[in-house]
Amino acid sequence: MTGKPFRIGVGFLVIFLLFLCVPSPRFNTPLSTVVFADDGSIVGAHIAADGQWRFPAPEKLPEKYKTALLTFEDEYFYYHPGINPWSVIRAGVQNVQQNRIVSGGSTITMQVARMSVNAPRTIKNKILEMAKALRLELGHSKKEILLMYAANAPFGGNIVGFETASWHYFERPPEHLTWAEATLLAVLPNAPGMLRPGHNSKALKEKRDRVLKKLSEKGYIDSTELKLSLQEPLPEGTRSLPSIAPHLVDYYLNTRPGEMIHTTINAGLQKQAADALQRHSNQMASNHIRHAGAIIADVETGKVLAYVGNSRPREKNTGHAVDMVRAKRSSGSILKPLLYADALQEGTILPQTLLADIPTQYQNYSPSNFYRNFDGAVPANEALSRSLNIPFVRLLHQHGAEKFLKKLSMAGITTMDKGYGHYGLSLILGGGEVSLWDLAGTYATMGRILKHYPSDNSRYRTTDIHPLFLEYPAKKKSQLTDHPPLFSAGAIWWMLEAMKSVIRPPEETGWENFTSGQNIAWKTGTSYGFRDAWSIGISGRYVVGVWAGNASGEGRAGLLGGTTAGPLMFRLFDLLPTAGWYDTPHDDLKEKLVCKKSGYKAGDVCPETDIILVPHTIKTNPECPYHQLAHLTPDKRFQTRRSCQPDGEIISESWFVLPPLMAWYYSRRNPDYRFLPPKKPGCFQSNTSPVGFIYPPPNATIMRPTDLDGEKEKIIFKVVHLNPEAEIFWHLDQTYLDKTQSPHEMEIAPEEGNHTITLVDNEGNVVSRNFSIKD
């Protein structure tokens, strides 16, 4: 007798161990990538790798669907251990009576087990399903099992999962379904191949209505709700999912495939921005400018409101799949405002300091302005609003390119990571690459700093410096500091003031026709070869960035930031609410006496001064170098010295004196510029030469041009003299050539090799320059 109970116990133990060997159902099927807007609507989605629309499992199920599902499929779901014996017996009796399988008696747990392997319906597999169902109940809660069912149930065609079906059939999230819609989705997986909207709709509606009536009988819905639900028609079929930001969906497909991502995108604004960009792109297509990208973000938070990666394809055009929001492209001159702000903060310049705009060469690099002309000298804020190239290359050289590169990295420009040796001074004119994402994020950061500074008692938040975001980040505790962690509020304020200026470059003629009624600071940029057109704008609340061009890098004449990207930027601002402007950061500005003419800190001999607010700076601003005290003869015809005037009569007055080259170009644009009178003969010995070279630059290597007949052409040498009436005598390698009076130009045909050009004026001043000729 003792052996029999033992054998029974061993038998149960063996059965239990075999039961434990039954694998718990698992789902390793690929999932769709789904991106949602801030309001819960779908921005776009990408089908799973196996060709099925299968959304990731939701965190919870709506009560309407859960109630309808349990009423139809498994009323005793919360009471059985995975198998309902009475359902199995009932199904067996029905199948025998009908002489065919009409009911499986499966619980929801058993159906989950079957879905995990997708095996044919046989008695053997039914037994295995029961075992798996028991294992599933041991390892998972009822809530988890319901979620598994809802995420993997078939809903007809290639639609898998309750949430997927909700969007495909009703174009809205599950929590917004009506009782009739939720009930339809509860009954649909029972026979998705035979009964689905658009196929056998009458039979499907009858099935839905029977469940609705049962819900009414159980008290879940009242008679009015039942009546209205029964009248609801079935959807005619599946509907395409929204696709209002395809490049954003592709981004998440590459970075977070198979996930449901809830973003900050404003669905309404996204549609409007995409439509505006497409209309603009269609207009540009006539000039074979095929692509554009745009981003709109909130300054206060940094959240992205609209993300338009590119225009929609037209005919057989390619390149529209490239996400131009994140693509690295040549920056053109779009970074000039950041250099202006950094130079202000360091004290390299004051807001209106004169910058040299003259022929310039640094080793083998010779920058030029867009129209290849020169102003001689131009205020820094005007050089920014007019986007002059040469003043900013010279400013970068003076300020320090390595230091500026480091500041760009701190500001959020992640693409310039190769060091100054790679970019050189051309980095301020497009020698480096930026992305629209980084650019908009940097300007948003600067707006945030300026916005918060007055409200935080003139202190800086350490958390203000961060990139844009598409998903709400975890909140960080903000700390306040007296020292600016990036740009100072005063420097940013002056930068934006310059960007608001109505003085614009000639290539942006007509920009007034596009401007918004809002207060906007903006800057455009064009890369070398007319390959990239940029426009970035910031209001008191929003930042808008636009890129236009060809994804392939093909350049087009007329592809300019001011005429291609700028108009679209203003159209996008028109979609946004009007915003106020930033308060003046008075505590980060101080009164400074400046020279009206030069913009420098006023010196003792500056005749006209002004008091302006300037940023607190790291180093002391230099005094005006251009005003000097001139001592003149009584008739003001000559400069003189007291020792040269026996009677002691001398007139001293302040004089605005630019270096020769700056003065020559400046006087052509400013007819009121007065050159100093010549020095009184025999009165001076000076090391300062009044003669300045325009061409060639120092130690230049010059290629002799060839005409159509194959003959070598002469080279035009140019110089300037502070005295408009001076004569200059020209010598090449100690050989006299000729003399000139203003303008001082001479055609010379030097042989191949190294040469020296020497100039002597009628007062004995001598200057020389070395150069080389290559044929």
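The values are calculated or read from the model by the stated rules, or taken from the named source; none is laboratory data. For clarity, every value in this text was computed on a predicted model and none was experimentally measured. Cβ: placed from backbone, ideal geometry, glycine included. Neighbour counts: every protein chain shown. In case anyone asks, the SASA skips ligands and DNA or RNA and just uses the protein heavy atoms, side chains included. Shrake-Rupley method; radii C 1.70, N 1.55, O 1.52, S 1.80 Å.
Results, tabulated for the structure shown:
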| quantity | calculated |
| --- | --- |
| Aspartates and glutamates with Cα under 20 Å of K476, excluding same-chain neighbours fewer than 8 positions away | D298, E300, D456, D464 |
| Set of lysines near K132 by C-alpha distance (under 19 Å), chain-local residues within fewer than 8 positions excluded | K124, K142, K143 |
| Calculated from backbone phi, Karplus (6.51, -1.76, 1.60) coupling profile of the range 749-756 in Hz, x at Gly/Pro | 10, x, 6, 5, x, 8, 9, 10 |
| Percent of C-alpha pairs per 5 Å bin, the range 627-775, short to long | 2, 8, 16, 18, 16, 13, 10, 7, 4, 3, 2, 1, 0, 0 |
| J(HN,Hα) series, the range 633-645, from Karplus relation 6.51 cos²θ - 1.76 cosθ + 1.60, nearest Hz, glycine and proline x | 5, x, 8, 6, 8, 9, 7, 9, 10, 4, 5, 8, 10 |
| Rounded to the nearest 10 Å², the accessible area of M703 at probe 1.4 Å | 120 Å² |
| Stretchable slack from N190 to D635, in nm (0.36 nm times residue separation minus alpha-carbon distance) | 149.2 nm |
| Relative contact order (%) - criterion: Cα under 8 Å, at least six apart; region: the range 284-437 | 25 percent |
| Nearest-0.05 FRET efficiency for K406 and Q734, computed from C-beta distance (R0 51 Å) | 0.55 |
| Exposure ranking of S643, S488, S141, S458 by accessible area [1.4 Å probe, largest first] | S643, S141, S458, S488 |
| Column: log10 I(q)/I(0), Debye, Cα scatterers of the range 136-295, q = 0.16, 0.19, 0.20 Å⁻¹ | -1.02, -1.21, -1.27 |
| Evaluated over the chain, the Cα radius of gyration and Dmax, each in Å | 38.9, 149 |
| Size-normalised alpha-carbon gyration radius of the range 296-444, reference 2.2 N^0.38 Å | 1.16 |
| Contour excess over end-to-end distance, with Cα ends at A321 and D417 and 0.36 nm allotted per residue | 31.9 nm |
| Sequence-distant aspartates and glutamates (8 or more away, or on other chains) whose Cα lies within less than 15 Å of K774 | E711, E713, E751, E752 |
| Dipole magnitude of the range 329-422, debye to nearest 20 (Cβ charges: Lys/Arg +1, Asp/Glu -1, about Cα centre) | 240 debye |
| Accessible-area ranking of F77, F656, largest first, probe 1.4 Å | F656, F77 |
| The range 736-744 - phi-based ³J(HN,Hα) in whole Hz, Karplus 6.51/-1.76/1.60, Gly and Pro as x | 5, 10, 4, 10, 9, 10, 3, x, 9 |
| Dipole axis of the chain (+1 Lys, Arg; -1 Asp, Glu on Cβ), positive-most option in N282, W655, F570 | N282 |
| When each of K328/K523; K403/K451; K407/K523; K679/K712 is checked by Cα-Cα distance, pairs over 30 Å | K679/K712 |
| Computed accessible area, M416, all protein chains, 1.4 angstrom probe, square angstrom | 20 Å² |
| Estimated dipole of the range 566-654 in Debye, rounded to 20 [Cβ of Lys and Arg +1, of Asp and Glu -1, Cα centre] | 340 debye |
| Fully extended contour minus Cα-Cα distance, from T178 to R642, at 0.36 nm per residue | 156.9 nm |
| Nearest-20 debye value, the range 651-775 charge dipole, Cβ charges on Lys, Arg, Asp, Glu | 560 debye |
| Estimated FRET transfer efficiency (S689, I651; beta-carbon r; R0 25 Å; 0.05) | 0.50 |
| Efficiency of FRET between E300 and K60 - r from beta-carbon atoms, R0 25 angstrom, step 0.05 | 0.20 |
| Relative contact order computed over the range 393-442 (Cα-Cα under 8 Å; 6+ residues apart), in percent | 41 percent |
| Rel. contact order, % - alpha carbon contacts under 8 angstrom, at least six apart, the range 560-646 | 20 percent |
| Ratio of the Cα radius of gyration of the range 259-374 to 2.2 N^0.38 Å, where N counts its residues | 1.49 |
| The chain - mean residue ellipticity at 222 nm from DSSP helices (-39,500 (n - 2.57) per run, n ≥ 4, rounded to 500) | -10000 deg cm²/dmol |
| Value of D in µm² per second that Stokes-Einstein yields for the range 563-709, Kirkwood Rh from Cα pairs, at 37 °C (0.692 mPa s) | 158 µm²/s |
